[in-house]
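One structure below.
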Amino acid sequence: MAGRKIAIGGKGGVGKTTVCAVWAELFSEDGLEVLAIDADPTTSLASAFGIPRERSPEPLIAMKDLIAERTGAGKEAIGAYFKLNPKVSDLPERYSLDIGRRVGGRLRLLVLGAITQGGGGCACPEGAFLKTLLAHTTLQREEVVLVDLAAGVEFMGRASVQGIDAMVLVVEPGGRSIEAANNIAVMAGELGIRCIGAIANKVTDPGQRELIESQLDGIVLLGSLPYSSALQQADLKREPIFEADAEVVEELKRAKRSLIDLLSSKVG
Ligand SMILES: Nc1ncnc2c1ncn2[C@@H]1O[C@H](COP(=O)(O)OP(=O)(O)OP(=O)(O)O)[C@@H](O)[C@H]1O
Ligand SMILES: [Mg+2]
């Protein structure tokens with residue numbers, strides 16, 4: 001699994017951050033180096049790890065001086081000349097937060113944030129910076145990278161999923177989340193991602209799994225998580241969700257094995 005890059009997408013509020021945080025802990029329990037990247041403008045991955053607000057890293061995209069320095073653009077110089085390929089290789093090490101409390105592995109959190117204006121593809125220094133950083137972390141680093149994507153399809157672009165090996169779409173029992181997953185899957189396929197899986201979340205009735213599975217177009221259902229008030233409670237109290245619900249963690253362990261199988265069958 002080392003060197004694999006997995007992006008987690010889906011409609012808003014379906015459980016992307018939850019899945020990302022639990023998988024990050026599970027991969028690091030396997031003894032792997034894990035870099036969890038929060039690429040959502042509403043940055044909430046830190047809270048899912050139970051990191052207090054005051055210790056949560058500032059999103060890189062908000063560091064105007066750093067972006068200006070690396071891209072060569074003035075702070076507000078949108079539309080001016082700037083480097084399309086700024087130096088970013090040192091940033092994950094410098095700006096990530098070490099939360100490696102699991103035995104053996106290492107778990108770090110990098111809070112990127114996302115461009116909120118003009119979508120992820122905007123031609124501005126922040127856009128160039130973010131794209132290069134995502135491309136760098138997902139192409140050149142030998143670790144398992146998990147990217148918690150922004151909700152919906154807007155952020156999906158060639159640059160934002162560069163080097164991604166697998167796209168995992170979280171769906172809840174509801175037509176719109178399934179539709180969103182199918183749309184993102186099509187886009188991911190067009191961008192060359194061959195390995196596309198789904199996780200059903202907040203399932204309250206055993207029949208929902210089959211109903212969801214039957215509506216997914218060419219997406220492998222990797223697992224199904226029950227609705228859990230313990231997860232909700234942990235979120236409410238800003239406690240680590242990894243410790244909240246053993247059943248959810250067990251199911252995500254199984255889903256992770258299915259993902260690894262899918263990756264080896266599709267990517268080799
Ligand atoms: N299986 C579950 N049972 C009950 N509540 C859940 C479950 N999974 C997630 N939640 C709750 O649903 C809410 C959204 O979850 P989460 O933040 O993981 O979703 P998201 O897709 O990352 O949302 P966003 O689009 O806002 O980033 C949270 O309050 C979370 O605690
Ligand atoms: Mg989220």
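Nothing in this text is a laboratory measurement; each read-out follows from the coordinates by a stated rule. What you see is a predicted model, and the numbers here were worked out from it, not measured in a lab. Cβ coordinates were reconstructed from backbone atoms using ideal geometry, including for glycine residues, and neighbour counts include every protein chain displayed.
In terms of distances greater than 19 angstrom between alpha carbons, the cross-link table entries LYS11/LYS64; LYS5/LYS83; LYS11/LYS253; LYS83/LYS131 yield LYS11/LYS64; LYS5/LYS83; LYS11/LYS253. Computed from the C-beta positions of SER229 and GLU93 and an R0 of 41 Å, the FRET efficiency is 0.60 to the nearest 0.05. Helix 246-266 and the longest principal axis of the Cα set of the chain meet at an angle near 70°.
Using label points projected 7 Å from each Cα along Cα→Cβ, tell me how many nm separate LYS83 and GLU69, to one decimal. According to this spin-label approximation, the distance is 1.2 nm. Remark on LEU146: its backbone amide H falls under 5 Å from those of ILE6, LEU35, ALA36, ILE37, a criterion applied only to residues 5 or more positions apart or on other chains, H modelled at 1.01 Å from N. Computed on the chain, with alpha-carbon pairs under 8 angstrom and 6+ residues apart, the relative contact order is 27 percent.
Considering only GLN232, ALA73, PHE129, the residue lying farthest towards the positive end of the dipole of segment 5-266 is ALA73, judged by Cα position with unit charges set on Cβ. Tell me the angle of helix 16-29 to the major Cα principal axis of the chain, expressed in degrees between 0 and 90 and rounded to the nearest ten. With both axes taken from Cα atoms, the answer is about 90 degrees. Between the listed residues PRO59, LEU149, PHE242, the Cα displaced farthest toward the positive end of the dipole of the chain, a dipole computed from Cβ unit charges relative to the Cα centre, is found at PRO59. Taking Cα atoms only, the orientation of helix 206-215 departs from the longest principal axis of the chain by about 50 degrees. With the simple spin-label model, which puts each label point 7 Å out from Cα in the Cβ direction, the GLU250 to ALA2 separation comes to 3.2 nm.
Using the Cα centre of the chain as the reference point, and only Cβ charges (+1 on K/R, -1 on D/E), how large is the resulting charge dipole? Debye, rounded to the nearest 20.
Details: 30 positive and 35 negative charges, 113 e Å.
The dipole of the chain has a size of about 540 debye.
Candidates ASN85, VAL170, SER214 compared by Cα position along the dipole of segment 5-266: farthest toward the positive end lies ASN85, with charges placed on Cβ. Neighbours of VAL267, meaning other residues whose beta-carbon lies under 13 angstrom from its beta-carbon, give a summed charge of +2 when Lys and Arg score +1 and Asp and Glu score -1. Of MET167, MET1, the sequence from fewest to most neighbouring Cβ atoms within 10 angstrom is MET1, MET167. Exposed loop sites here are chymotrypsin sites (Phe, Trp or Tyr not before Pro) assigned a DSSP state other than H, G, I, E or B and surrounded by at most 16 other beta carbons within 10 Å; excluding them, the longest clear run of the chain is 82-226.
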